[in-house]
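Notes for the one structure printed next.
The values are calculated or read from the model by the stated rules, or taken from the named source; none is laboratory data. Treat the numbers as computed from the prediction; the structure is a model and nothing was measured. Glycine gets a Cβ as well: all are built from the backbone with ideal geometry, and neighbour counts include every protein chain shown.
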């Protein structure tokens, strides 16, 4: 299924790259490093671009997210697979870590944010690779992520929602045996009155299906991290 990710969805890579000029070539190389999953190179190029005076948000949008857009397109066409996407995510993270202080310095705590997401792996499940990938990609796309970690109890999701007032709760499960915790968490959120204010619940993970998501009352089902970003962006209309 084609996946839209970031503001450059549908972009494709060819020998001409995306930009012209020396700085454009640097951003082309950064995008290519993300596509190829070269974390060390991505970090070096992001640092180099900062040193050349490029704005952090320009490097993010026109370098890192350009590359990630190509990854999303290729993944949707089954031209790339999860291990390669994970390597690209690592390269994205390496570049993002260099940019993060500059991005945060350029905005207030809430300015420019698309929304807040409280994210966690459900109680009894300690797998975090998928959750971490979703967190990283949401952050790169302008969401503030409250990462609650793994084996998060329903009451801890409730507590985080009361404290941080997110627009979304994201739950991940890798085991069939932990899927009931998603339903328990949704019930806890409803019992606490938190669903009445527009809080939306997104679920995903290897054993989770659209039918299961609908049955437990989730608002959004995401098949993978790239789709989670696309659906979150659609939901906030930005």
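Do we have residue 53 as in the same structural domain as residue 227 (by TED's automatic domain parsing) and either in contact (Cβ under 8 Å) with a residue 40 or more places away in the chain or surrounded by fewer than 20 Cβ atoms within 10 Å (Cβ to Cβ) (or both) here?
Here the answer is no, as residue 53 does not meet what is asked.
Looking at this structure, is residue 202 surrounded by 17 or more Cβ atoms within 10 Å (Cβ to Cβ) and either over 30 Å from residue 70 (Cα atoms) or assigned by TED's automatic domain parsing to the domain that holds residue 73 (or both)?
Here the answer is no, as residue 202 does not meet what is asked.
Quick check on my filter: what residues within the range 211-238 are over 13 Å from residue 138 (Cβ atoms) and assigned to a strand (DSSP E or B)?
Correct list: 221 only.
With the requirement that a residue be in a helix (DSSP H, G or I) and over 20 Å from residue 98 (Cβ atoms), what does the range 46-86 give you?
Residues satisfying the conditions are 70, 72, 73, 74, 75, 76, 82, 83, 84, 85.
Being surrounded by fewer than 14 Cβ atoms within 10 Å (Cβ to Cβ) and under 19 Å from residue 235 (Cα atoms) is the filter here; which residues of the range 171-199 pass it?
The answer is 196, 197, 198.
Looking at (1) touching a residue at least 60 places away in the same chain (Cβ under 8 Å); (2) not assigned by TED's automatic domain parsing to the domain that holds residue 64, can you tell me which one residue 187 breaks?
(1)
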